[in-house]
Structure formats: C-alpha cells, structure tokens
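The values are calculated or read from the model by the stated rules, or taken from the named source; none is laboratory data. Being a predicted model, the structure only gives us computed values, none of them experimental. For neighbour counting, all protein chains shown are included, and Cβ atoms are generated from backbone atoms with ideal geometry for every residue, glycine included. Heads up: the accessible areas ignore ligands, DNA and RNA and are worked out on the full protein's heavy atoms, side chains in. Shrake-Rupley method; radii C 1.70, N 1.55, O 1.52, S 1.80 Å.
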Amino acid sequence: MEHVQVVVRKSVLRSITTLTETLMRPVFKKKAERLEGKMNRVIKEGVERLAAMKKADELTYTIFKRSILHILMGFGGETIDDTNALIEANFTGGDEEILEALAAVLKQDAVNHTKIRTMEGAEANGMSTFAMAAHTGCQTVYSSTPPNNPHTYPWMNSLFQDGTTVGWLIGESFMKDHARHSVIPERLADALLGDGASSMTEDDFFNYTHFSDSVMTEMEILELPKVWCGGGDGGMGDIGFQNVSKVVLQNRPNVKILMLDTQVYSNTGGQNSDSSPMTGGFDMNQYGAASEGKLTEKKSVAEIFLGGHGSPFVAQASMANPATFYKAIVDGLCYRGTCYIQAFTTCQPEHGVGDDASRGQALMPRDSRGMPEFVFNPELGETYNEALVIKGNPNYRSDWYTKKAGVTKTPFVFTVAHWAFTEARFRNHHKKVKAENCEGLIRLEKLLQLVTMDDVVNRRYLNENHRSYIPKRGVFTVDHKDDGSLSFHIISRQMVLYCIERRKSWRILQSRVGIVNEDYAAQKRAYSESGRWRN
C-alpha cells in the first residue's frame, strides 16, 4: 500500500519541496554574501565608527552597546535597570569585544546559510530552507520513519490531528531565531556602518528585545526559513480541522499548509472523512437497502478558508494543471501570511486506480466539478472578483464541461458520475448494462434539470409525485470511451445526489467571481414560469 501511494503523492510533495528549495536557496546565498560583507566592514571599520558614534551621540552609543550585550552576549535582564546591573557586574570587556561579538554572529549566520551540511552524505549547501510538520498518515511512511528519516530537511511526525499546530510553533521558533541570528545583528551593523545619520532610541531597544515579524521588512520576511504542514483530508480537514482553522487565522508569514486530499481516511482502510463525497467512503462505508452512502455534503476545506478566516492565500490545485499548481506554490511562499494549498491525490488501492494513472485521474475531479481548481490571492484586491480566479476550469461559465469523445469527437456532458466510472471506489454506485436495459429509465442529464439542492435538503426527491423524484435505480447515463464506443450505466440515487451537490457548490463558486451561469438561469426560468420551483 505504501509503495503504490508514493506514486501519486510524491509528485505533489516533490513539487512543494523542490520549488521551496529552488526559491529559497539563492535567497540564502545572497543573504550570506551580504552578511559576510558587513562582517568584514565591522572588523575593518568598527572601532573607528563606534568611536565616532560615541562622540556624536552618546545615547545612540549606549543603546547600541546595550543591545549587543543583551541580545547577542547574554546579559539581558527583566528590565533595563536589571540589564544595566548585569552588565555592570559581569561584563569586563570594551568596545573591541562588543564589535567582535557582532562580527562573530554575522559570520556564523553567513556560514549557516551556505556551508552547513544538513546530513551525512549530503553536500554542504547550508542550512535547510524549510521544515515539514506532518500529520501522521500515508505521506509519513513512504520510505521510513524517524530516526532513519531519508529527507534532507527536518521532518517531524506528529499526532494525527496536531501536525499543523506543531508546524505553527516551529514557524514561531524560526522567526525568533531568524531575528536573533540575522535581522537584529544586521540592523545593528547598519546602524554602526551608516553615514552618521542613524540614531537609536529606547524604542529601538524595546523593539529589539521584543522582536516580532510585525516589524520585519518584506526582505526579512522572504528570507525566513519556511515551514510546510502536510497531511491528508482526514488529519487536516476532519479530526484536525480545528487545528488547521486556528493556524490559518494566525496568518503567520512563514507557515504554509498542504492538504493531500484523497477524500477518505486512506491510512485506516477507507472510512468516511468530512471531505468524502456524498456517495460516501469506500471499504468501510455502509451500503444497502437502508442507505446508499453519505447524506452529508462534501466538506470543501479550501472553500471554507475563502471567507471568515482572515487573509490567507488559498489554492485548490493539483497535478491536473502543473503550471497553476507550481505558480500557486511560489506565490504562496512569497505571500506575507499563511498559505493553504489543497491538492487532489489519488490513493491507488482505495480508489482502484493504476499506479501509472495518477496525473490523468487528477484531471477527472477538476473537469467534472468534483474538485474545481481555483486560486485566491488577497494581494489582488478585497473582493472575490479581484482576488479569486477559477479560469483554470474548462467551460468555467457553465454547469458542466462539455467534453468530446476521443475518436468520434461527439460532445457529451462530463459530470462527476462520468468521473466515477473510472475509479473502483464508486463501484457500488453504477452498473454497466446494455443499451436496451436503459429503456424506461430517466437520463441523468435530463433529471439534473428537474432537481435542485433545496429539493435534496427538503427530501422532496423521495416523493414519487414531485418533479424532483429520484428513483433508486431508475437513472442512467452514457459514457464515451476513448475508442469511440458507448458505455451505458445505471447509476444509484446517491450518485445523482452527488452530481446535484457538486453542481450547487460549483455554482456558488462561480457566483463569488461574478459569473452569471446561464444554465442555472435557464433552470430557474423554467420552474418560475411553470410555478414549480419549490412544488
């Protein structure tokens, strides 16, 4: 099971890790060169410039010296008076020792960014550009578990629901270390090496001793090591959803979140998660005369974070469209706030998909409206129309994608039912039959025009006398094979409900960007004119 799942999920994880490294490694190298240059200037010019600072502005000199002693040399106390007392009692050096400490910190951080070897056998390229906090699950056991972890960056496995919270805390520690090792020392070097215009106040000292990302520049934020929090829809969207929601709201500048969405608890054998479709989970799902699946609608976690969760960067993308996916990763890494990316990833054994079909399967949920592609970037504006983009989906102004058959080029409506025919996990919800077995049944595409989500919520679809009635096994549709042949399928009532629920979710997404869906408008007109919209 572990071997086959790595086929699909490693493509997404490798994209995340490779693009983070590709973006951040040159940033680290340039930063190291800058720090080393300032270190050399401190060694060469420091004594003379510090003497000039003392002569020109005694207060600036005092605060500069106290800042280095407190932050870099360990003489900090609870208050300024406490700090001054500790310095008076314990520090016996002079200006030269102050400058040596500043130069040493600058030099060490330059070395850390370029010359440290992260693990035995690896090249000495510098410290890791990011860490991974993983919700324990399939993605944590691809090759081995700690302490024999093969990754060249810190990877931490946490309790199933706690990975993102742990990642947030790691991100906070990175920010504190970054400030003490890089940002504050460089700012102090700049104050020393300036042209005499720089002055320091007690407010500067307070900010340095209570430093946070709020006072970091855009460049200082970009140079922060990143934290990726990774997990599945069970660990992040179901049992761990509150943890993820909490972290998204924090909008921390170096915390990035990746959900590998299989729409099921893959690691426990196929039980329902909140993100499972209305057909339900798979091996562990109830199916029979009393219930054909899961009546609760699919929980679209990425869509939840589009509103009421502060200002995160949100993307729902996958290997179905690598260009959009890669751009979302880079834009999310550069965004000064939390980035949340949700990517559909097949679980080959649970979905019943071949090892070589993972990318092709990623196209199916996107094109069928099962899991539409979108990117939400708050930097672009304060309305959905500005910040939300859904144009990566085919026929994005319509209810469904009109697909063309492979050989005959016959156009047909591609619904989530058509996607379901390609995966064994939906096997209980359709049956392949001969064309004559569909006589007397209602076609799915026609029935969808008769039913709304409101009919489903109010259970009108169970009323045989209502226009929205959905017979249990009285609906069929036609699939078009790549070779041009037709395949007739009788589908379950639950599969029809899934189509209606996904269409409703897609229509709401369209409305957020201001799209007027003519298919929906036509459906409303038909029932408004007949007086049968709710009857």
Quiz item: Is there any pair with a first residue in region 236-265 that is among the acidic types (Asp, Glu) and a second that is assigned to a loop (DSSP other than H, G, I, E, B) and surrounded by fewer than 21 Cβ atoms within 10 Å (Cβ to Cβ) whose Cβ atoms are under 9 Å apart and which are 6 or more apart or on different chains, and what are they?
Solution: ASP238/GLN161; ASP238/ASP274; ASP238/LYS299
Quiz item: Considering only region 363-374, how many residues are open to solvent by less than 30 Å² (accessible area, probe 1.4 Å) and not in a loop (DSSP other than H, G, I, E, B)?
Solution: 3
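Looking for whichever is open to solvent by less than 40 Å² (accessible area, probe 1.4 Å) and within 15 Å of LYS256 (Cβ to Cβ) here; the options are GLY360, GLY381, GLY337, GLY392. Which one fits?
Values: GLY360 fails: within 15 Å of LYS256 (Cβ to Cβ); GLY381 fails: within 15 Å of LYS256 (Cβ to Cβ); GLY392 fails: within 15 Å of LYS256 (Cβ to Cβ).
Going through GLY360, GLY381, GLY337, GLY392 in turn, the sole match is GLY337.
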Quiz item: Hey, any hits in region 386-406 for a residue that's out of contact with any Cys (no Cβ under 9 Å at 6 or more places or on another chain) and part of a helix (DSSP H, G or I)?
Solution: yes
Quiz item: Which condition breaks for LEU450 when tested against (1) farther than 18 Å from HIS351 by Cα; (2) open to solvent by less than 40 Å² (accessible area, probe 1.4 Å)?
Solution: (2)
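Taking the conditions exactly as written (at pLDDT 75 or above, surrounded by 23 or more Cβ atoms within 10 Å (Cβ to Cβ) and under 12 Å from PHE376 (Cβ atoms)), does CYS347 satisfy them or not?
Values: at pLDDT 75 or above: yes; surrounded by 23 or more Cβ atoms within 10 Å (Cβ to Cβ): yes; under 12 Å from PHE376 (Cβ atoms): no.
When the stated conditions are applied, CYS347 does not pass them.
I'd like to check something: does region 474-496 contain any residue that is of a type in the set (Val, Ile, Thr), without any contact (Cβ under 8 Å) to a residue 40 or more places away in the chain and assigned to a loop (DSSP other than H, G, I, E, B)? Can you show your working first?
Keep residues of region 474-496 that are of a type in the set (Val, Ile, Thr), which gives 475, 477-478, 490-491, 496.
From what's left, without any contact (Cβ under 8 Å) to a residue 40 or more places away in the chain: 475.
Applying the additional criterion that residues be assigned to a loop (DSSP other than H, G, I, E, B) yields none.
Scanning region 474-496, I find no residue that is of a type in the set (Val, Ile, Thr), without any contact (Cβ under 8 Å) to a residue 40 or more places away in the chain and assigned to a loop (DSSP other than H, G, I, E, B), so the answer is no.
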Quiz item: Looking at region 195-214, is at least one residue under 30 Å from the mean Cα position of the chain (by Cα) and not in a loop (DSSP other than H, G, I, E, B)?
Solution: yes
Quiz prompt | Among the residues listed as ARG467, ARG460, ARG427, the single one being open to solvent by 40 Å² or more (accessible area, probe 1.4 Å) and out of contact with any strand residue (DSSP E or B) (no Cβ under 7 Å at 6 or more places or on another chain) | solution = ARG427
Quiz item: Looking at LYS176, LYS256, LYS246, which one is touching a Cys at 6+ places or on another chain (Cβ under 7 Å) and either assigned to a helix (DSSP H, G or I) or modelled with pLDDT of 95 or more (or both)?
Solution: LYS256
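State yes or no: is THR129 farther than 12 Å from LEU69 by Cβ and open to solvent by less than 10 Å² (accessible area, probe 1.4 Å)?
When the stated conditions are applied, THR129 passes them.
For residues in region 26-58 being of a type in the set (Asp, Glu) and without any contact (Cβ under 8 Å) to a residue 24 or more places away in the chain, which is most open to solvent (accessible area, probe 1.4 Å)? Please lay out each step first, then the result.
Initial filter on region 26-58 (of a type in the set (Asp, Glu)): 33, 36, 45, 48, 57-58.
Cutting the leftovers down to without any contact (Cβ under 8 Å) to a residue 24 or more places away in the chain gives us 48, 58.
Numbers: GLU48: 145, GLU58: 100 Å².
Here the residue is GLU48.
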Quiz item: Looking at (1) in contact with a Phe, Trp or Tyr (Cβ under 9 Å, 6 or more places away or on another chain); (2) surrounded by fewer than 20 Cβ atoms within 10 Å (Cβ to Cβ); (3) among the aliphatic types (A, V, I, L, M), which is the one condition that is false for ALA420?
Solution: (2)
Quiz prompt | Index of the failed condition, ILE491 passing every other in (1) modelled with pLDDT of 95 or more; (2) on the phi > 0 side of the Ramachandran plot | solution = (2)
